[in-house]
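Presented below is the structure to which this report refers.
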Amino acid sequence: MCHRLLAQLLLFAACACGASNPAEAVPAPNAALTSPLGSNGSHMSRQAAPDHPRPFGYKTCWYAVKSTDSNAVARALHLQDARSASWAEGLASAEGSEVFVAPPVAGWVLIVGSELGASLSTNAPSWNELIALSSKFGEAQAFCTHRVVELHVWAKAVAGDLVRAHGYLGESGETLFDVGEETADERDLGFKFFDERSPDASNEAYWERSDLSFPDEESVMSLARRWSLAPIELNESSAEAMTGVVGRLP
C-alpha cells in the first residue's frame with residue numbers, strides 16, 4: 001500500500017537505539033546539568049549537554065505545540081525509553097524510530113520524527129494525538145513534507161477541535177484529505193492548488209491553468225512560518241542552549 005511505502009521512506013535513517021537503562025519518566029529539559037527525577041524518584045543516569053537550536057524541516061514531519069514546557073509535552077506523549085538529548089542528538093535520533101521533543105523556541109515546542117509520518121501519509125490519518133495535545137496546551141499543529149514522493153501536509157487543532165487539515169501526495173496526484181475551511185493565512189499566501197476532485201478536472205484545459213499550482217515543501221514551510229515557526233530557519237540565536245527529550249511513541 002502507498003502509505004506503507006511512505007512510512008518506509010520517512011524512516012530514512014535506521015536508528016540503533018538500544019538504551020541499556022531506559023528512563024521511567026521524561027527528563028526535564030533545561031540548560032543546567034541537573035539529574036531529573038523519574039516518577040518514582042529515581043535519577044536519570046545521564047543528562048545531555050545543552051546546545052542551541054539547529055535547523056530541520058525538509059523530508060520529515062513535526063508537530064508544533066503552544067507551550068514553553070518540553071517536559072510537559074513529552075509526558076503528554078507518554079514516550080517510552082525517554083532520555084535527555086541535545087538538539088544534535090535529538091534530531092539524529094528523529095531520523096530513525098524515535099521522536100525528539102525539542103526545547104521551547106519562541107513559545108512553541110516542536111516534536112520532530114519520521115515516525116509521525118506513518119499516520120499523516122494516509123487517506124484517513126488519526127488526529128487523536130494532535131487533538132489531545134491541543135486540548136492540554138491550547139493549540140497543536142502538524143506538518144509533513146517529503147520531496148521524493150511529494151507528500152505535503154499541514155493541520156491545526158485548537159482547544160480539542162481539528163479546525164484545518166490538508167494533505168497532498170504528488171506521487172499519485174491525490175488529495176489525501178481536506179478538512180475544514182481554508183485559513184486566512186493560506187489565503188494570504190495565495191494557496192490555489194489543482195484538485196483532482198474538482199468537476200473541471202476531467203477537462204484537459206483545467207490542468208493548463210496558470211493560476212493554479214501544486215503544494216510543495218515551500219508551501220508547508222511558508223504556512224508553518226505563519227502559524228508558528230519555520231524550523232528550517234532555526235539557528236544558534238533562536239534560543240538559549242537547552243536540552244530536549246528523545247523517546248519512542250507508545
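With the requirement that a residue be of a type in the set (A, V, I, L, M) and either modelled with pLDDT under 95 or surrounded by 21 or more Cβ atoms within 10 Å (Cβ to Cβ) (or both), what does segment 230-241 give you? First the steps, then the outcome.
Taking segment 230-241 and keeping what is of a type in the set (A, V, I, L, M), we get 230, 232, 234, 239, 241.
Listed by number, the list holds a single entry, Leu234.
For residues that are within 13 Å of the chain's Cα centre (by Cα), assigned to a loop (DSSP other than H, G, I, E, B) and within 18 Å of Pro55 (Cα to Cα), tally how many sit in segment 106-123.
1
Could you count how many residues in segment 161-193 are assigned to a loop (DSSP other than H, G, I, E, B), out of contact with any strand residue (DSSP E or B) (no Cβ under 6 Å at 6 or more places or on another chain) and under 25 Å from Ala118 (Cα atoms)? Spell out how you get there, then give the answer.
Pass one, segment 161-193, residues assigned to a loop (DSSP other than H, G, I, E, B): 170-173, 180-183, 189-192.
Now drop any that are not out of contact with any strand residue (DSSP E or B) (no Cβ under 6 Å at 6 or more places or on another chain), which leaves 170-173, 181-182, 189-192.
The next check asks that each one be under 25 Å from Ala118 (Cα atoms); those that pass are 170-173, 181-182.
So the count comes out to 6.
Kindly check whether there is at least one residue in segment 139-146 that is in contact with a Cys (Cβ under 9 Å, 6 or more places away or on another chain), over 27 Å from Thr68 (Cα atoms) and surrounded by 14 or more Cβ atoms within 10 Å (Cβ to Cβ). First the steps, then the outcome.
Of segment 139-146, the ones in contact with a Cys (Cβ under 9 Å, 6 or more places away or on another chain) are 142-146.
Of the ones still in play, those that are also over 27 Å from Thr68 (Cα atoms) are 146.
Retained after the next criterion (residues that are surrounded by 14 or more Cβ atoms within 10 Å (Cβ to Cβ)): 146.
Yes, segment 139-146 has at least one match.
Which residue pairs have Cβ atoms under 8 Å apart, sit 6 or more places apart or on different chains, and have a first residue in segment 102-129 that is free of Cβ contacts under 8 Å to residues at least 40 places away in the same chain and a second that is surrounded by fewer than 22 Cβ atoms within 10 Å (Cβ to Cβ) and part of a loop (DSSP other than H, G, I, E, B)?
Cβ pairs passing all conditions: Ser119/Ser126.
For the structure I just gave you, tell me whether Pro250 is crowded, with 18+ Cβ neighbours inside 10 Å and within 30 Å of Gly90 (Cα to Cα).
Details: crowded, with 18+ Cβ neighbours inside 10 Å: no; within 30 Å of Gly90 (Cα to Cα): yes.
For Pro250, the condition - crowded, with 18+ Cβ neighbours inside 10 Å and within 30 Å of Gly90 (Cα to Cα) - is not met.
Out of segment 124-144, which residues are modelled with pLDDT under 95 and either in a strand (DSSP E or B) or farther than 18 Å from His78 by Cα (or both)?
Correct list: Ala124, Pro125.
Considering only residues of segment 42-62 that are in contact with a Phe, Trp or Tyr (Cβ under 8 Å, 6 or more places away or on another chain) and assigned to a strand (DSSP E or B), which is farthest from Gly247 (Cα to Cα)?
Top of the filtered list is Asp51.
Can you go through Pro104, Pro55 and tell me which one is modelled with pLDDT of 95 or more, surrounded by fewer than 17 Cβ atoms within 10 Å (Cβ to Cβ) and either closer than 29 Å to His146 by Cβ or of a type in the set (Asp, Glu) (or both)?
Details: Pro104 fails: surrounded by fewer than 17 Cβ atoms within 10 Å (Cβ to Cβ).
Sole residue among the options that is modelled with pLDDT of 95 or more, surrounded by fewer than 17 Cβ atoms within 10 Å (Cβ to Cβ) and either closer than 29 Å to His146 by Cβ or of a type in the set (Asp, Glu) (or both): Pro55.
Residue-wise test of (1) assigned to a helix (DSSP H, G or I); (2) among the β-branched types (Val, Ile, Thr); (3) over 22 Å from Glu236 (Cβ atoms).
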residue: Val65; (1), (2), (3): no, yes, yes
residue: Thr68; (1), (2), (3): no, yes, no
residue: Asn71; (1), (2), (3): yes, no, yes
residue: Ala76; (1), (2), (3): yes, no, yes
residue: Ala82; (1), (2), (3): no, no, yes
residue: Ala92; (1), (2), (3): yes, no, no
residue: Gly96; (1), (2), (3): no, no, yes
residue: Phe100; (1), (2), (3): no, no, no
residue: Pro103; (1), (2), (3): no, no, no
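I'm told Lys66 meets every condition in (1) within 20 Å of Ala159 (Cα to Cα); (2) crowded, with 20+ Cβ neighbours inside 10 Å; (3) in contact with an Asp or Glu (Cβ under 6 Å, 6 or more places away or on another chain) except one. Can you identify the failing condition by its number?
Among (1) within 20 Å of Ala159 (Cα to Cα); (2) crowded, with 20+ Cβ neighbours inside 10 Å; (3) in contact with an Asp or Glu (Cβ under 6 Å, 6 or more places away or on another chain), the lone unmet condition for Lys66 is (2).
Exactly one condition in (1) surrounded by 15 or more Cβ atoms within 10 Å (Cβ to Cβ); (2) without any contact (Cβ under 8 Å) to a residue 60 or more places away in the chain is not met by Val179; state its number.
It is condition (1) that Val179 fails.
The values are calculated or read from the model by the stated rules, or taken from the named source; none is laboratory data. All figures in this text were calculated on a predicted structure; none of them were measured in a lab. Don't worry about glycine lacking a Cβ; one is built from the backbone with ideal geometry, like all the others, and counts go over all protein chains shown.
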